[in-house]
Structure formats: structure tokens, C-alpha cells
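The values are calculated or read from the model by the stated rules, or taken from the named source; none is laboratory data. What you are looking at is a predicted structure, and each value in this text was computed from that prediction instead of being measured. No Cβ is skipped: glycine too gets one built from the backbone with ideal geometry, and neighbour counts run over all protein chains shown. What goes into the accessible areas is simple: the full protein's heavy atoms, side chains included, and nothing from ligands, DNA or RNA. Shrake-Rupley method; radii C 1.70, N 1.55, O 1.52, S 1.80 Å.
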Amino acid sequence: QVQLVESGGGLVQAGGSLRLSCAPTRSIASINVMGWYRQAPGKQRELVARITSGGTTNYADSVKGRFTISRDNTKNTVYLQMNSLKPEDTAVYYCNIVAFIREYWGQGTQITVSS
């Protein structure tokens, strides 16, 4: 069974940067959209950013200009570069891959931004 492995989470001070990576344990065929979601305590999971197979990106308004999503199609890997982090970015971040026949989720990685 394919699993998504996330890395790059941790604790950072406000204004700092982190880079998340997500890759599957086995190659996934026909990937369409790759993205990142986050869930803060007491809140619903929300879309942070996503990128299509053609390179079209979408961002939550709260992260526009600070976060950048990218993907390496040869490695089925998606990245999230996070700059100018704020305490309100604190959450568990989940990787998401939508392929032709199914959807995959990572186990989540904690991002904590201290003020």
C-alpha cells in the first residue's frame, strides 16, 4: 500500500522559514493534483496550496506571497517552501496527492511558529 512520507516540519521562530517535502513510498501513476493542507487545534482542515500536473497553483489567501508550492514529477514529490512564518501558521500540515483512481494523504507533520 502506498504511503506518503512528509518531512521538514518542526519549530521555528516567527519570520523564519521551513521547507516541507512529501514523497510516496512507491511510484503513483496518473497524478493530477498535489497539495498541502493544514489543521490547527479546534479548526477544520484547510487547503494551503496545491499544484496541478500542468503547473497551475492555488494558494490560500493567508499564505499568498509567503509560501511557494512546487513539484518534481520525476520523483512524485511535492514541496512547500514557507517563508515569513507567523504564529497563526502553527498547525499540522498534511500532504495530499490526487491521482486518476484514488486520493492519498500523508500522516501529517507539525509546524509550530513561536512569537
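Condition test on residue 113, is it in a strand (DSSP E or B), touching a helix residue (DSSP H, G or I) at 6+ places or on another chain (Cβ under 9 Å) and either under 17 Å from residue 23 (Cα atoms) or open to solvent by less than 70 Å² (accessible area, probe 1.4 Å) (or both)? Judged against the criteria, residue 113 is a match. Note on segment 22-43: residues that are polar (S, T, N, Q), farther than 18 Å from residue 69 by Cβ and in contact (Cβ under 8 Å) with a residue 60 or more places away in the chain amount to 1.
Considering each residue of segment 22-49, count those that are touching a Leu at 6+ places or on another chain (Cβ under 6 Å) and surrounded by fewer than 14 Cβ atoms within 10 Å (Cβ to Cβ), and give that number. Even if it seems obvious, please write down each step before you answer.
Taking segment 22-49 and keeping what is touching a Leu at 6+ places or on another chain (Cβ under 6 Å), we get 22, 24, 36-37.
Remaining after also requiring surrounded by fewer than 14 Cβ atoms within 10 Å (Cβ to Cβ): none.
Residues in segment 22-49 being touching a Leu at 6+ places or on another chain (Cβ under 6 Å) and surrounded by fewer than 14 Cβ atoms within 10 Å (Cβ to Cβ): 0 in total.
Only one of 52, 68, 90 is open to solvent by less than 50 Å² (accessible area, probe 1.4 Å), of a type in the set (S, T, N, Q) and farther than 19 Å from residue 103 by Cα. Can you tell me which? None of the others qualify; the one that does is 90. Taking the conditions (1) within 19 Å of residue 1 (Cβ to Cβ); (2) part of a strand (DSSP E or B) in turn, residue 35 satisfies each one other than (1).
For first residues located in segment 10-21 and within 20 Å of residue 69 (Cβ to Cβ) and without any contact (Cβ under 8 Å) to a residue 60 or more places away in the chain, partners that are open to solvent by less than 60 Å² (accessible area, probe 1.4 Å) and of a type in the set (A, V, I, L, M, F, W, C) and lie 6+ apart or on another chain with Cβ distances below 9 Å form the pairs 21/78; 21/80; 21/95. Out of 46, 88, one residue alone is without any contact (Cβ under 8 Å) to a residue 24 or more places away in the chain and out of contact with any His (no Cβ under 6 Å at 6 or more places or on another chain). It is 46.
Residue 101 fulfils the conditions (1) open to solvent by less than 40 Å² (accessible area, probe 1.4 Å); (2) at pLDDT below 95 except for a single criterion, (1).
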